[in-house]
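Working notes, beginning with the structure itself.
The values are calculated or read from the model by the stated rules, or taken from the named source; none is laboratory data. All values derive from a computational prediction rather than experimental measurement. All Cβ positions, even for glycine, are placed from backbone atoms using ideal geometry, and neighbour counts span all protein chains on display. Each accessible area value is taken on the protein alone, full model and side chains, heavy atoms only, with ligands, DNA and RNA left out. Shrake-Rupley method; radii C 1.70, N 1.55, O 1.52, S 1.80 Å.
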Amino acid sequence: MSAKVLIVEDEPAIQELLAFNITQAGFRALRAEDEKSAWLQIRQNSPDLILLDWMLPNTSGLLLAKQFRSDASTSSIPIIMLTARGEEHDKILGFESGVDDYITKPFSPRELMARVRAMLRRHTPAIPDEPLAIDGLELSPISHRVRASGINIELGPTEFRLLYFFMSHVERVHSRAQLLNHVWGTQAFIEERTVDVHIRRLRKALEAAGKDHLIQTVRGSGYRFSA
Ligand code: CA
């Protein structure tokens, strides 16, 4: 399962260059040239990382970064901003908007890919290969599949990692902060209520196979996976 990198860049030549380097490095490149197509890609393909240009038609990368941070579906996706401006002031504005890293144009492909890899490593906690099975619920890290009662359960990448973490740490209560730390990695820009949003989605997905009861809310503490 190769990581998906969404490129939000309106200049075709730069978009092409970025996509080429990302594909060469073994990742999947998703492309968008404006705000609308960026959201479409996010909804359809759930990228693992966003490369975001500062100057976009009808909006700025800065505004878009703020939107991504405040939306539950995108708040955990790391963002690398592409900018022609190298000034300190702009960088600070970007970091305040939730950008995780910067690349200044013109960029060296090697530096770009080093940053992309570092960011993906930091934000994707490693998942070992062994399948897990608890109370009829089966999770296979290799095929990225979850099954129960003969039904395939479709999960987004965050819900999948969340379920994996629960299934490998059963009968323990995890606070929201602990879940953020283990499942999302150490990121400064995520709020704890984001966890509740993903728990809700995970429960909804498990409901179809009658397994939503496995994820229990522990009042005042957090969540527990219990068979
Ligand atoms: Ca541009």
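Test each condition in (1) in the same structural domain as Phe68 (by TED's automatic domain parsing); (2) β-branched (Val, Ile, Thr); (3) assigned to a helix (DSSP H, G or I) for Thr158 and report the one that comes out false.
(1)
Check Ser140, Ser149, Ser226 and return the single one that is small (Gly, Ala, Ser) and open to solvent by 80 Å² or more (accessible area, probe 1.4 Å).
Ser149
Check off (1) assigned to a loop (DSSP other than H, G, I, E, B); (2) buried (at least 16 other Cβ atoms within 10 Å of the Cβ) for Leu180 and give me the number that stays unchecked.
Failing condition for Leu180: (1).
Name the residues in the stretch 32-51 that are open to solvent by 20 Å² or more (accessible area, probe 1.4 Å), in contact with a strand residue (DSSP E or B) (Cβ under 6 Å, 6 or more places away or on another chain) and closer than 25 Å to Arg161 by Cβ, would you?
Listed by number, the residues that qualify are Gln41, Asn45, Asp48.
Filter the stretch 137-155 down to the residues that are closer than 24 Å to Leu49 by Cβ and part of a loop (DSSP other than H, G, I, E, B) and list them by number.
Pro141, Ile142, Ser143, His144, Glu154, Leu155
Cβ-Cβ below 7 Å, separation at least six or inter-chain, first residue in the stretch 38-54 and outside the structural domain of Val116 (by TED's automatic domain parsing), second within 16 Å of the ligand (Cβ to nearest atom) and not in a helix (DSSP H, G or I): which pairs?
Close Cβ pairs (under 7 Å, with a partner that is within 16 Å of the ligand (Cβ to nearest atom) and not in a helix (DSSP H, G or I)) do not exist here.
For the stretch 199-223, which residues satisfy the criterion of being open to solvent by less than 90 Å² (accessible area, probe 1.4 Å), in a helix (DSSP H, G or I) and among the basic types (Lys, Arg)?
Arg203
Identify the residue in the stretch 52-78 that is aliphatic (A, V, I, L, M) and under 13 Å from the mean Cα position of the chain (by Cα) and, among all such residues, is surrounded by the fewest Cβ atoms within 10 Å (Cβ to Cβ).
Ala72
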